[in-house]
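Please read the structure below before turning to the comments.
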Amino acid sequence: MKHFSLSVVILFGYWWSATVTQGSDLRLWYNAPGVNNLAQGLMLGNGRFGLIVPGNVTNENIVLNESSLWAGTANPSGNFDNGPKGTLGAYQLFGHLQIKLPDQSDYTGYKRVLDLATGVATVTYTDAGVAYTRTLFCSLPDQVAIVQLTADKPAAYTGSIQLTD
């Protein structure tokens, strides 16, 4: 059975690289914000930390995770059974990045996209004649998460950004 699983991974890896290099459109896209962060948020990460992006316009709540935040021991036994004798523990939440933009409630043309080839998520919409874009990604070499807010008119953003636990 292990041999079969490895073959599937190798074949999937081959298919993935073939389709990405041929410039196919590997994207998840939605015409509405996610209601439930975990089930409907766009998930980004670099192996050390990650973001869950629901894409809400007026009150965005980006979930932040980091790999060293977990409850448990060092697990020297290698026992990954989290039952009564297991020592692995549970993964813990780092916090939330809240972006509050109350003046952007009459938006149209909403779209959120996760490009699977690049790992870049975007949220785009128009409000009061202004085109807004949020671009988010995690960089492995630079060990950073980027959240970029842009608008096609100067001084269009008004609101607040808050980091909470």
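Residue-wise test of (1) closer than 22 Å to Leu163 by Cβ; (2) surrounded by 16 or more Cβ atoms within 10 Å (Cβ to Cβ).
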residue	(1), (2)
Leu93	yes, no
Tyr107	no, yes
Leu116	no, no
Val144	yes, no
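When Asp103 is tested against (1) modelled with pLDDT under 95; (2) among the charged types (D, E, K, R); (3) surrounded by 14 or more Cβ atoms within 10 Å (Cβ to Cβ), just one condition goes unmet, and that condition is (3). Take the residues in the range 11-59 that are under 29 Å from Leu93 (Cα atoms) and part of a helix (DSSP H, G or I); name whichever of them is modelled with the highest pLDDT. Top of the filtered list is Gln40.
The values are calculated or read from the model by the stated rules, or taken from the named source; none is laboratory data. The shown structure was predicted, so the numbers you read here are calculated from the model rather than taken from an experiment. All Cβ positions, glycine included, derive from the backbone under ideal geometry; neighbour counts span all protein chains shown.
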